[in-house]
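Below is one structure, written out as structure tokens; the observations come after it.
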Amino acid sequence: MTKRTVILDVDTGHDDAVAIMMAGRSRTLRLDAVTVTAGNQTLDKTLRNTLNVCSALSLKVPVYPGMRGPLLRPLEPAPLIHGESGLDGPKFPECTLESRKEHAAVFLARRIMKAPAGTITVVATGPLSNIAMALLLEPSIAKRMRELVIMGGAVGWGNITPAAEYNSYADPEAARIVYASGASITLIPLDVTRTVTLTKERLAHLSRIPGKGAELFTASMTCYSAACAKYIGESASMHDPCCIAWLEKPDLFTTEKKFVSVETEGTLTRGATVVDHTGVLKKDPNARIALTIDAQRFWDLLEAALQRYQMLA
Ligand code: BDR
Ligand code: CA
């Protein structure tokens, strides 16, 4: 079977790290490159975290540094959840990877334009700054991507404000550009990712798998779970890895197609995901929105991914 070519755009981040791990040795996906944006932490930190994760997992994948902040606003990182480093918890061995020199947005535009149309899938698990910038550089990449899968937004209530999910809140102008781009978008919102929560029992079970994957998962999830409990009173949700689950096993999800945009100007609603549920705007749907996920089968996928790192002791 030909593997699907995927570029991950991340702001690594505990759950971004798990998404990289799942994609890195996927049976059905070929991780072509990782592009990095500022988000959970500054670009220097999210880039360092991305390189550390790829290096620790022996993933020989090119890593491109991207936007140092949102298109129009100062960066508002998320240190309470992800720590001062952006990935507190794991202790990494010496990093054997260096980032590429080309800017992530330039790379994305170049790579998608050069590849045959409809072959590159992009998964965005951070603020959409790199993706929006690539679309501004080369708008025709929107129609050339096979699919753009986004972890972001909240149809119901948010996590960074009552109305908004962090990635959409962090760079709402970028999100607005992306939703209006004409790309084939699949949105995996907070409403779905929040239903995949890591219990203590499951963490203990997964931590018994030998190898570097489970080692990294355990160290990062122990820290992430504690922060989620302390600061948002929630169990640790597997936000970003749900995007990989969507690509590997779409039948885990139910979805619907709707018109979606993002609020950029509200005083209480900056970054809110606005879904035209009833079609009052009379616009064609621009996104497939995930509604539910089979959480048990998600964990089966994650466990299988961790097992693929067993030989890496
Ligand atoms: C999103 O925000 C980040 O903190 C996580 O990595 C995830 O991408 C969840 O709102
Ligand atoms: Ca993220």
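The values are calculated or read from the model by the stated rules, or taken from the named source; none is laboratory data. All of these numbers come straight from a predicted model, not from anything done at the bench. Cβ sites come from the backbone with ideal geometry, for glycine too, and all protein chains shown count toward neighbours. Side chains are part of the model used for accessible areas, which takes the heavy atoms of the whole protein and leaves out ligands, DNA and RNA. Shrake-Rupley method; radii C 1.70, N 1.55, O 1.52, S 1.80 Å.
Counting the residues of the range 144-165 that are of a type outside the set (A, V, I, L, M), open to solvent by less than 20 Å² (accessible area, probe 1.4 Å) and within 15 Å of ligand 1 (Cβ to nearest atom) gives 4. Considering only residues in the range 110-127 that are in contact with a Leu (Cβ under 9 Å, 6 or more places away or on another chain), hydrophobic (A, V, I, L, M, F, W, C) and more than 15 Å from Pro62 (Cβ to Cβ), the one that is farthest from ligand 1 (Cβ to nearest atom) turns out to be Val123. Looking across the range 168-177 at every residue that is in contact with a strand residue (DSSP E or B) (Cβ under 7 Å, 6 or more places away or on another chain) and open to solvent by less than 10 Å² (accessible area, probe 1.4 Å), the one that is nearest to ligand 2 (Cβ to nearest atom) is identified as Ser168. Checked against the criteria, Leu268 counts as more than 21 Å from Thr125 (Cα to Cα) and either within 15 Å of ligand 1 (Cβ to nearest atom) or not hydroxyl-bearing (Ser, Thr, Tyr) (or both). Restricting the range 263-310 to residues that are of a type in the set (Ser, Thr, Tyr) and surrounded by fewer than 16 Cβ atoms within 10 Å (Cβ to Cβ), the residue that is modelled with the lowest pLDDT is Thr267. Would you check if there is a residue in the range 97-109 being among the small types (Gly, Ala, Ser), surrounded by 15 or more Cβ atoms within 10 Å (Cβ to Cβ), within 15 Å of ligand 2 (Cβ to nearest atom) and modelled with pLDDT of 95 or more? For the range 97-109, residues among the small types (Gly, Ala, Ser), surrounded by 15 or more Cβ atoms within 10 Å (Cβ to Cβ), within 15 Å of ligand 2 (Cβ to nearest atom) and modelled with pLDDT of 95 or more: present.
Scanning the range 9-49 for residues that are in contact with a strand residue (DSSP E or B) (Cβ under 8 Å, 6 or more places away or on another chain), more than 10 Å from ligand 2 (Cβ to nearest atom), hydrophobic (A, V, I, L, M, F, W, C) and not in a helix (DSSP H, G or I) turns up Leu29, Leu31, Ala33, Val34, Val36.
Does the range 218-236 contain any residue that is buried (at least 18 other Cβ atoms within 10 Å of the Cβ), without any contact (Cβ under 8 Å) to a residue 60 or more places away in the chain and more than 25 Å from Ser168 (Cβ to Cβ)? Looking for residues that are buried (at least 18 other Cβ atoms within 10 Å of the Cβ), without any contact (Cβ under 8 Å) to a residue 60 or more places away in the chain and more than 25 Å from Ser168 (Cβ to Cβ), one finds at least one in the range 218-236, hence yes. Return a yes/no flag: does the range 139-149 have any residue that is at positive phi and either modelled with pLDDT of 95 or more or in a helix (DSSP H, G or I) (or both). No: zero hits.
Need a quick list: helices (runs of 4 or more DSSP H) entirely within the range 174-238 having at least 2 residues that are among the aliphatic types (A, V, I, L, M) and within 19 Å of the chain's Cα centre (by Cα). Counting at least 2 such residues, we get 190-193, 212-227.
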